[in-house]
Structures are given as C-alpha cells and as structure tokens.
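Each remark here refers to the structure printed beneath this line.
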Amino acid sequence: MKKRICIISTIGILAVLVVFAITAFFIYRSQFSLTIDGYEIGKEEFLDAANQKKYEVASYFTEKGSNVDAGFWEREVEGELPYEKLAQAAIEDLKYFHAVYGLAEEKGYVKDGSYEAFLQRFEEENQLRKERVENGEVVYGLSEYTLELYREYEMDSIQKSYCAELDNEGMEVTDADREAYFEEHKASYQREDNRVLDYIKIPYAEQGMDEEQVKEFKNCLTSIYKNMDGEHSLADLAGEEEMIAPYLEHADVTAEELRSYSRSISDVLEYAWELDKGESTAVLEEEGALYLIECTDRSGNDSVSIEEVRDNINKILREERYDEIIEKRAEEASVEGDMERIFFFVKKHINE
C-alpha cells in the first residue's frame, strides 16, 4: 500500500514538474525583448514595423509560387519560413527608422527620437488639423494622416532640414562634384526636341457612337492613311473629308511648352513620341478613341548648361549623400535580442 502511494506521489510530482516546465518554456518563448542602437523596442512598435512589411514579404513568397492562405505564414518555401522572413524585415525597417530619428535627435530636428515620441507627434498633428477643419481654417495637404503617411511626411521633413544645413556631413558640393554628375547624366539634361504634330482623335466612346459610326470613321481614317505620302499630308487629306475635318488638330510642341501639352494631350504625345519628321502612326484604336497622327517637323535643341541645373544637381547630390549616411547608420546599428523569441512572437501575433 505504501509502495503504491509512493508511486502515485512520484507520478503526481513528475506531472506537476512537466506542466511547470512546459509553462515556463512558453513563458520564456513568449517574452519579447529587442533593443536597436540603445532604443528599447516595444511590442506595439515591432508589430507596426511588421505590418508595414507584410505585403513586401507576401509578394516575395508569391513570386516563388506560394499562396497567401490560412497556412501561408508557417509554410516553408525553399528553406525559408515567411514569419521568420517578416521578423527579419521588421528589424531592418526598425534599424532604418532609428537611424533617421537618431540623427534627427542629434541635430535637434526632433526633441525625442523614440517611437513613443513619434506617436505623440502623430496624434498631436492630427488633433491640430482636426481643430483647424472644425474652425473653418485652411488646412494644407491631408486633413488627417495615417501613421504610414505621417512617417513619410516627417522623414521627408527631416531630410530637408539636414540637407538645408550646409555644414552637415556630406552637404558641401564642389564644382568638381557638379561637373562629374553633369557629365555622367548629360543625356537627361538634353532639352527635348521640338515637334510639330497634326493629329486626329475621335473619342467615339465619349461621344456615344454606335458600331456602324465607329466603323465608318475607321474606314475613312484608313483611306486617309493609305493616301498619305510626301505630297499629301494628313492635314490636306483630312481637310477634304467633311466628317473628319472637325477632328483635325495641330500642335507646336516646343521643349518649353512640353509640360503644358503633356497635361492636355498626353495620349497623343505618347503615340507620336518616336515619330521623326514626315512619319505617321497607323490608325490606332485605344481606350475608346481612334487616332491618326503625323509629325510634320522635328528639330533638336541644345543641351542645358550646367549653370541652369546647378541647384537641381546640388539637391540631388545632397539627398543621395543623406540617404547614404542613413543607410550606413542603419547597417551599423547594434541589435540585441533573442531571434528565437522574436520569431515565436511574430508567429503568435501574425494574424492579429
């Protein structure tokens, strides 16, 4: 009897110990601890970073043939687990965030570079905008920011502040720097050619034409196209067709006026962009409209001088150097944390 009691007691003790061990294991695994460059990362901050990266990580695995279904995050694909990939991406995002805000705090662009202070500024900005809207005041930009858009807005402001202070690291741009950049990107500073276009655009869908009307217009345009040669231009031939003549248009697209024309006839410019003098498109049918376009003249322009784009080059170089500084800080950021615990944490909260 005593022996039986002893055995039962031993089993009971072992069972308690097993339960205790399992409980302790899960408590240990569920403990979240992560520090990046001295900033203690809380659960909310980490999950926010993970949510920012969900689409990117999901796209990475769908390209490998995985389906984003109920078991997606825990299904191994080519030796990789999506939830682990997401945890790693979140950490990289946090390294970048704290590289930006660490520098901003050092320079005095923000008083506090922590995530908690960032959230407070986000809430205060939205509250301010809400009050201005309620008071009938003008609010420039959005009436309310999402967290992601506010982060973009504030990071952009930090970059502008850094680049505006020419004593900051990397912000001095010499004549040699500008000349080197200009020579390397000279093609992008070539003024666009001047183009003279005659064109016909018949927006049949917008005008509610039936199939017979569209067919008649298309046949007429095809006839004009076949008769176009060096002696018979689109303008001449279209002007003789009573049904087509009202749709005939002319555009002198100079380099100076290109932006304006890009807003008003972007479709025509797209189809005519590669045409040389004397060339035309065939009859095109795109997005509920018929087109026939002829380039009657095309002439080149001189390159832009380096002095004309001096400020533009300065801005580009300073922004590139700022990005390099941030990328280097992020790359060198110290990360302290147990990755197994972090993986477990992501796996547990991934679908919340």
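The values are calculated or read from the model by the stated rules, or taken from the named source; none is laboratory data. This structure is a prediction, so every number in the text was calculated from the model and none was measured. So basically every Cβ, Gly included, is an ideal-geometry build from the backbone, and we count neighbours across all protein chains shown. Surface areas here come from the heavy atoms of the whole protein model, side chains and all, with no ligands, DNA or RNA. Shrake-Rupley method; radii C 1.70, N 1.55, O 1.52, S 1.80 Å.
Pairs 328/348; 64/348; 95/347: which are spaced more than 29 Å apart, C-alpha to C-alpha?
From the list (328/348; 64/348; 95/347), the Cα-Cα distance tops 29 Å for 328/348.
To two decimal places, what compactness ratio does the stretch 136-225 give when its Cα radius of gyration is scaled by 2.2 N^0.38 Å?
Compared with the compact-globule rule of thumb, the stretch 136-225 sits at 2.17.
Using a Debye calculation, one point per C-alpha and no hydration shell, please list log10 I(q)/I(0) for the chain at q = 0.13 Å⁻¹ in order.
-1.09
Under a Cβ-Cβ cut-off of 13 Å, what is the net charge of the residues other than residue 172 that fall near it, where Lys and Arg count +1 and Asp and Glu count -1?
Net local charge, residue 172 excluded: -2.
Taking the chain as a Gaussian network, Cα atoms linked when under 10 Å apart, which of 89, 104, 245 shows the biggest mean-square fluctuation?
Maximum fluctuation in the GNM of the chain, among the listed residues, is at 245.
Gaussian network model of the chain, Cα springs within a sub-10 Å range: biggest mean-square fluctuation belongs to which of 83, 150, 291?
In this elastic network of the chain, the residue with the biggest mean-square fluctuation among 83, 150, 291 is 291.
Compute, for the stretch 267-340, the length of the dipole vector about the Cα centre, with Cβ point charges of +1 (Lys, Arg) and -1 (Asp, Glu) only. Units Debye, rounded to 20.
Using only the charged Cβ atoms, the result is roughly 480 debye.
Please report, in debye to the nearest 20, how large the charge dipole of the chain is about its Cα centre when each Lys and Arg carries +1 at its beta carbon and each Asp and Glu carries -1 there.
3160
With everything on Cα atoms, drop me the angle between helix 339-349 and the longest principal axis of the chain, reported from 0 to 90° to the nearest 10.
For 339-349 against the chain, the angle is about 70 degrees.
Using θ = phi - 60° and the Karplus curve 6.51 cos²θ - 1.76 cosθ + 1.60, what whole-Hz ³J(HN,Hα) does each residue of the stretch 115-124 get, with Gly and Pro shown as x?
Result, ordered by residue: 5, 4, 5, 4, 4, 5, 5, 4, 5, 5 Hz.
Would you mind getting the accessible area per residue of the stretch 132-261, heavy atoms of the protein chains only, 1.4 Å probe, in Å²?
Value for the stretch 132-261: 66 Å² per residue.
Among 214, 224, 309, which residue has its Cα positioned farthest towards the positive end of the charge dipole of the stretch 211-343, with +1 placed on the Cβ of Lys and Arg, -1 on the Cβ of Asp and Glu, and the dipole taken about the Cα centre?
Farthest towards the positive pole: 309.
Can you compute the charge dipole magnitude of the stretch 48-190 about its Cα centre, using +1 on each Lys and Arg Cβ and -1 on each Asp and Glu Cβ, nothing else charged? Give it in debye, rounded to the nearest 20.
Dipole of the stretch 48-190, to the nearest 20 debye: 360 debye.
What is the local net charge at residue 290, summed over the other residues whose Cβ is closer than 10 Å to its Cβ (Lys, Arg +1; Asp, Glu -1)?
Around residue 290, the surrounding residues sum to 0.
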